[in-house]
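Working notes, beginning with the structure itself.
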Amino acid sequence: MTWPVHQVRLEPTARFLLPRCSCGWIGTARLTMTDAREEARDHALLFAGSDVIDLAGLDPAEPGQAD
């Protein structure tokens, strides 16, 4: 069975960032980019299985990690 690719993006809403996925999932609004990115990445990893994960416009690496 092939699962859809999860394309996660962060939408600015007032002072918050709202993680939203192409599958219809909407995460909790977060104040910081780091928290919103982490929640979006966790969702994509949990539900995408071995499929390619597309974090649209997001750096999938943790902040502070060397390339």
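The values are calculated or read from the model by the stated rules, or taken from the named source; none is laboratory data. A quick note: this is a predicted structure, and the numbers were derived from the prediction, not measured. Glycine gets a Cβ as well: all are built from the backbone with ideal geometry, and neighbour counts include every protein chain shown.
Residues in region 12-43 that are more than 11 Å from the chain's Cα centre (by Cα) and in contact (Cβ under 8 Å) with a residue 24 or more places away in the chain: how many?
1
Which residues, counting only those in region 14-41, are at pLDDT 90 or above and hydroxyl-bearing (Ser, Thr, Tyr)?
Answer for region 14-41, where residues must be at pLDDT 90 or above and hydroxyl-bearing (Ser, Thr, Tyr): Thr28, Thr32, Thr34.
Restricting region 10-51 to residues that are of a type in the set (S, T, N, Q) and assigned to a loop (DSSP other than H, G, I, E, B), which is surrounded by the most Cβ atoms within 10 Å (Cβ to Cβ)?
Taking the candidates together, the pick is Ser22.
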